[in-house]
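A short worksheet on the structure shown next.
The values are calculated or read from the model by the stated rules, or taken from the named source; none is laboratory data. All values derive from a computational prediction rather than experimental measurement. For neighbour counting, all protein chains shown are included, and Cβ atoms are generated from backbone atoms with ideal geometry for every residue, glycine included.
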Amino acid sequence: MINNYGPLGKKTFSFAMKIVTLQKHLQADKREYALSKQLFEAGTSTGILIRQSFAAQSDREFLQKFYAAKEHCLQSIYWLDLLYQSNLIEKQEFQNLNKLALEIIKLISSSIRTKKKNIRK
């Protein structure tokens, strides 16, 4: 199913799954609900916005979905940083998720640039 959405779709789905796993851990083991909910919303929204972009009815709508996905991914990094600085997640987990989020942002930014160039042609 996720193969239909290319490398970005695969990465955002993988990121969302890791966020879901982390949220479960934070809620069950750390009894942390507020920050993990914010992270869950931002981390899973990134992927759904990418998927929704495939149903966009215009180039403008496509770009809006990608910009929103980038914003949600940036929010995810914020929540991850807050969880790490609050000693709720380990350094390695923070670094791994942060690295993946930054890769996703780079892919989204590249896709936005490419789409804009193709629109101008």
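Would you confirm whether any residue within the range 21-33 is surrounded by 14 or more Cβ atoms within 10 Å (Cβ to Cβ), within 28 Å of Ile119 (Cβ to Cβ) and of a type in the set (A, V, I, L, M, F, W, C)? No, the range 21-33 has no match at all.
Residues in the range 97-121 that are of a type in the set (D, E, K, R) and part of a helix (DSSP H, G or I): Lys99, Glu103, Lys106, Arg113, Lys115, Lys116, Lys117, Arg120. The set of residues in the range 34-46 that are of a type in the set (Gly, Ala, Ser) and surrounded by 15 or more Cβ atoms within 10 Å (Cβ to Cβ) comprises Ser36, Ala42, Gly43, Ser45. Taking the numbered list (1) over 16 Å from Phe13 (Cα atoms); (2) in contact with an Asp or Glu (Cβ under 8 Å, 6 or more places away or on another chain) in turn, Asn98 passes all entries but (1). Any residue at all in the range 51-68 that is under 17 Å from Ile19 (Cα atoms) and either in contact with a Cys (Cβ under 6 Å, 6 or more places away or on another chain) or crowded, with 20+ Cβ neighbours inside 10 Å (or both)? Within the range 51-68, not a single residue is under 17 Å from Ile19 (Cα atoms) and either in contact with a Cys (Cβ under 6 Å, 6 or more places away or on another chain) or crowded, with 20+ Cβ neighbours inside 10 Å (or both). I need the full set of residues from the range 45-86 which are over 21 Å from Ser14 (Cβ atoms) and touching a residue at least 24 places away in the same chain (Cβ under 8 Å), in order please. Within the range 45-86, Asp59, Phe62, Leu63, Tyr67, Leu82, Ser86 qualify. Hey, can you tell me all the residues within the range 43-90 that are touching a helix residue (DSSP H, G or I) at 6+ places or on another chain (Cβ under 7 Å) and among the basic types (Lys, Arg)? Once the filter is applied, which keeps residues that are touching a helix residue (DSSP H, G or I) at 6+ places or on another chain (Cβ under 7 Å) and among the basic types (Lys, Arg), the range 43-90 yields Arg51, Lys65, Lys70. The lone criterion from (1) touching a residue at least 12 places away in the same chain (Cβ under 8 Å); (2) in a helix (DSSP H, G or I) left unmet by Ile89 is number (2).
Of all residues in the range 1-28, those being out of contact with any helix residue (DSSP H, G or I) (no Cβ under 8 Å at 6 or more places or on another chain), of a type in the set (A, V, I, L, M) and at pLDDT 95 or above number 2.
Of the candidates Lys11, Lys18, the single residue that is of a type in the set (D, E, K, R), touching a residue at least 40 places away in the same chain (Cβ under 8 Å), buried (at least 18 other Cβ atoms within 10 Å of the Cβ) and closer than 19 Å to Leu107 by Cα is Lys11.
I'm trying to understand the selection: among the residues of the range 18-38, which are more than 17 Å from the chain's Cα centre (by Cα), assigned to a helix (DSSP H, G or I) and of a type outside the set (Lys, Arg)? Passing the criteria: His25, Leu26, Gln27, Ala28, Asp29, Ala34.
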